[in-house]
Amino acid sequence: MQLSANRVSLEIDNKTVLQEASLDARPGRMLVLAGRSGSGKTTLLNVLGLLRRIDSGAVTVGGADATRWGDGRRRRFWRDHVAFIFQDYGLIEEASVEYNVSVGRRTLFGIRRRDRARVDEVLAHVLLAGRNKEQTARLSGGEKQRVGLARAMFRQADVVLADEPTASLDRANRELVTNFLVEEARRGATVVVATHDEDLIAAGDDVVRLGEP
């Protein structure tokens, strides 16, 4: 599912954050938004993910103009097509690891048997096998980010959006995150990453550097 920005501009608190930014994020490739703090890379990521509305220009999703989609259609887009990976993990701290991974697929009676098997599979992939029932709040920062990866992997989303996913992680966890994002792109997902991590930037298929002449 291709995401595109066409001459997108946005002001926040009377400050120009994006000025006629244009790009295409394509299936099967990892697009990296790079730049110093304050360059607008996280804002542009949020614009592509329809988390933030723009002042002018257009955002398209799968070729459809999504600029003026209402809240309901945006929520369906997030539910049906997108996996988010956040710098602050975006997890429910008091819930279990399994709950966080499968949160979008649970029923009133809990998790389905086939989904439980999938949870086991993705947790093993991120080196958290057997830790399904642990409270997420008890995990280290690196482990929480790996739960976020497992949740994204569980969803098998068309679009993966990651905001500074390697910030504050040690080298081993940074490598695991980077490898995961590359794997998702190779699977066919459209992957967009906002980062200042040079190793992650180097792993990208396409790089857009913001705030540079």
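Just so it is clear, none of the values below were taken in a lab; they were calculated from the coordinates. Model, not experiment: these values are computed from the prediction.
Brief remarks follow.
- Whole-percent pair-distance distribution, where bins are 10 Å wide, for the alpha carbons of the range 75-174: 16, 51, 30, 3
- Measuring nothing but alpha carbons in the chain and taking Rh as the Kirkwood radius, the Rg to Rh ratio lands at 0.97.
- The chain: DSSP helices with Cα axial extent of at least 20 Å and average Kyte-Doolittle hydropathy no lower than -1.0: 141-155, 171-187
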